[in-house]
Protein chains: 2
Amino acid sequence: MVALRPLQALRLWQQVCLAEVRDDMPDLTERQMAILLTVYLDPPPHTVRGLAEKLKVTKPVITRALDTMGAMKLLARHRDERDRRNVLIRRTVEGALFVERIGDVVVANAAELPL
Amino acid sequence: MVALRPLQALRLWQQVCLAEVRDDMPDLTERQMAILLTVYLDPPPHTVRGLAEKLKVTKPVITRALDTMGAMKLLARHRDERDRRNVLIRRTVEGALFVERIGDVVVANAAELPL
DNA sequence: TGCAATCGTTTCGGTTCCGTATCATTACGC
DNA sequence: GCGTAATGATACGGAACCGAAACGATTGCA
């Protein structure tokens, strides 16, 4: 449990967004970010259908996000050999580094919050 | 100063993104979010040029973001009467409510963080 | 008064994303 | 085997975004 006041929360959100925009990081949409973090934080396996349900979006949204982030090497697709209809979404080294960096940015900005 | 561990930070970021995606809120890009929060948190006046410098992006990026978020009534443009070349970006009631809601989501998710 | 500088907008070609609908592949019950 | 269900990918028209460059409007200085 982390105590955070509304103004602190907004300031934190602003600073992190500013940091990502200024550093010209891959400009992920909020949906892509939600997918990426879910894959890296929630226990596997992750499927297109599962992610679509979790985010309450349609499957093409997930497919396209995987196309984009796959090209960025942030995620990888693998066919499920036990049920070849499924596609399993797995982590990559590059993605892990990227996610880790986001966490560091949030932590750093949280530490510098006034009040 | 708010103490936050990396895993907590990532979990917080994920939960907030998930909440926004699931609730079908206006799907702002990270740039738009940075602009919106800056206008509402930093002291006025805000100009296109000033925001472009602060975010290290080009001016058309700001103009387009103002078009989009202006149509959503999240921000308003006003011509500066003292120097009519300038456009002042101002807050709106709808935008204030939207920003306030974001802060609440962050606070609520921070309060529920494990560990 | 004329001219250069400043400001925000617009245009251009190209890319990405959206939602809906449809498609190919695979699995499973009859 | 055959049809049905389920999964992920694709096609489509439309919308938004990008960076670079050009543009009109406004200012201020010579």
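The values are calculated or read from the model by the stated rules, or taken from the named source; none is laboratory data. Computed from a prediction, not measured in an experiment: that's the story for all the values here. Positions of Cβ are generated from backbone atoms using ideal geometry, with glycine treated the same way; all protein chains shown enter the neighbour counts. Ligands, DNA and RNA are excluded from the accessible area calculation, which covers all protein heavy atoms including side chains. Shrake-Rupley method; radii C 1.70, N 1.55, O 1.52, S 1.80 Å.
Identify all residues within the range A:5-18 that are assigned to a helix (DSSP H, G or I) and closer than 21 Å to B:Leu113 by Cβ; write none if there are none.
Passing the criteria: A:Pro6, A:Leu7, A:Gln8, A:Ala9, A:Leu10, A:Arg11, A:Leu12, A:Trp13, A:Gln14, A:Gln15, A:Val16, A:Cys17.
Among the residues in the range B:46-68, are any over 17 Å from A:Thr29 (Cβ atoms) and away from DNA strand C (no atom under 16 Å from the Cβ)?
no
Say whether the condition of being over 29 Å from A:Ile102 (Cα atoms) and touching a helix residue (DSSP H, G or I) at 6+ places or on another chain (Cβ under 8 Å) is met by at least one residue in the range B:75-85.
For the range B:75-85, residues over 29 Å from A:Ile102 (Cα atoms) and touching a helix residue (DSSP H, G or I) at 6+ places or on another chain (Cβ under 8 Å): present.
Quick one: which of A:Glu94, A:Glu100, A:Glu81 is within 20 Å of B:Glu30 (Cβ to Cβ) and more than 14 Å from every other protein chain (Cβ to nearest Cβ)?
A:Glu94
I'd like the residue in the range B:12-26 that is open to solvent by 20 Å² or more (accessible area, probe 1.4 Å) and closer than 18 Å to A:Val16 by Cβ and, out of all such residues, is nearest to DNA strand D (Cβ to nearest atom).
Once the filter is applied, the top-ranked residue is B:Met25.
Would you mind telling me which numbered condition in (1) open to solvent by less than 80 Å² (accessible area, probe 1.4 Å); (2) farther than 22 Å from A:Asp24 by Cα; (3) among the aliphatic types (A, V, I, L, M) B:Ala9 fails?
Failed condition: (2).
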